[in-house]
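The next block holds one structure in the form of structure tokens; read it before the comments.
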Amino acid sequence: MPDWPMHLIVPLLALFIVSKKEDIRYILLLLPLAVVPDIDTFATQHRALLHNIFIPLTFLLFGFLVFKGKRTIFMISSVYLASHVVLDMFGGGVALLYPLYDEMTYVNASLVMGRANDLIWTLDFGSRTYDTGWKTGYGFISDSPGTGAMVFLFLAGVGMAYRNWIKEEHK
């Protein structure tokens, strides 16, 4: 389970990689949103109530459809909220489609050095039953938040490369 510094640092770095200079103040002011999904720890639906894809999608849709003038704020907000969900998927699992689908979606990935000095890549993903351990916030399935952080930062790098490629094409 990633702890709160990981939830803050990973999306912050990703946003610094892909954002424009004028967006830095929004990135810093909205940083607390990266840990907001853990408020559901105090509810009976931990890793479900606020750890689903619908919360970041709602912010994203509001930015594109309703508040077009404040699109940057909603985009940054959705990145913070989505990063929390993604990191927790690598750190045990989340009920990604809650309340429509009551299963924990998880990804467990690791790179290990074997006895013969060979690299062994393991990848396990899928869904499991949302059991009572998660409902009270005590459950733990796997530990791969570092891999989740690397994937999230890699995607930020791909986004930056794509943005730069688009800029070069329109010059």
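The values are calculated or read from the model by the stated rules, or taken from the named source; none is laboratory data. Just so it is clear, the model here is predicted, and its values are computed rather than measured. Ideal geometry is used to build each Cβ from the backbone, glycine not excepted, and the neighbour counts take in all protein chains shown.
Among the residues of the range 31-48, those identified as at pLDDT 85 or above and buried (at least 19 other Cβ atoms within 10 Å of the Cβ) are L33, A34, P37.
Tell me yes or no: at least one residue of the range 87-99 is farther than 24 Å from F152 by Cα, at pLDDT 80 or above, surrounded by 11 or more Cβ atoms within 10 Å (Cβ to Cβ) and in contact with a helix residue (DSSP H, G or I) (Cβ under 9 Å, 6 or more places away or on another chain). Walk me through how you get there before you give the answer.
Residues of the range 87-99 farther than 24 Å from F152 by Cα: 99.
If we keep only those that are at pLDDT 80 or above as well, we get 99.
Right, trim to surrounded by 11 or more Cβ atoms within 10 Å (Cβ to Cβ) and you get 99.
With the extra rule that they be in contact with a helix residue (DSSP H, G or I) (Cβ under 9 Å, 6 or more places away or on another chain), the set shrinks to 99.
Yes, because at least one residue in the range 87-99 is farther than 24 Å from F152 by Cα, at pLDDT 80 or above, surrounded by 11 or more Cβ atoms within 10 Å (Cβ to Cβ) and in contact with a helix residue (DSSP H, G or I) (Cβ under 9 Å, 6 or more places away or on another chain).
Pairs are defined by a Cβ separation below 8 Å, a sequence spacing of at least 6 or placement on different chains, a first member in the range 73-97 that is under 14 Å from I27 (Cβ atoms), and a second member that is among the charged types (D, E, K, R); the pairs so defined are I76/D23.
Considering only the range 25-37, I want to know if a residue exists there that is touching a strand residue (DSSP E or B) at 6+ places or on another chain (Cβ under 9 Å), over 17 Å from L153 (Cα atoms) and of a type outside the set (D, E, K, R). Reasoning before the result, please.
Taking the range 25-37 first, the residues touching a strand residue (DSSP E or B) at 6+ places or on another chain (Cβ under 9 Å) are 37.
Those left that are additionally over 17 Å from L153 (Cα atoms): 37.
Within this subset, residues satisfying the condition of being of a type outside the set (D, E, K, R) are 37.
The answer is yes, given that some residue of the range 25-37 is touching a strand residue (DSSP E or B) at 6+ places or on another chain (Cβ under 9 Å), over 17 Å from L153 (Cα atoms) and of a type outside the set (D, E, K, R).
List the pairs whose first member sits in the range 104-117 and is loosely packed, with under 10 Cβ neighbours inside 10 Å, whose second member is part of a strand (DSSP E or B), and whose Cβ atoms are under 9 Å apart, counting only residues at least 6 apart or on separate chains? Every condition considered, the pairs that remain are V112/L119; V112/I120; V112/W121; V112/T122; M113/L119; M113/I120; G114/I120. For F62, indicate whether it is more than 23 Å from G93 (Cα to Cα), in contact with a Gly (Cβ under 6 Å, 6 or more places away or on another chain) and surrounded by 13 or more Cβ atoms within 10 Å (Cβ to Cβ). It is false that F62 is more than 23 Å from G93 (Cα to Cα), in contact with a Gly (Cβ under 6 Å, 6 or more places away or on another chain) and surrounded by 13 or more Cβ atoms within 10 Å (Cβ to Cβ). Scanning the range 118-133 for residues that are within 13 Å of D102 (Cβ to Cβ) and either at pLDDT below 80 or aliphatic (A, V, I, L, M) (or both) gives Y130, D131, T132. The set of residues from the range 40-69 being under 23 Å from L13 (Cα atoms) and of a type in the set (A, V, I, L, M) comprises L50, I53, I55, L57, L60.
Tallying residues that are over 23 Å from R163 (Cα atoms), in contact (Cβ under 8 Å) with a residue 40 or more places away in the chain and not aliphatic (A, V, I, L, M) within the range 17-41 yields 3.
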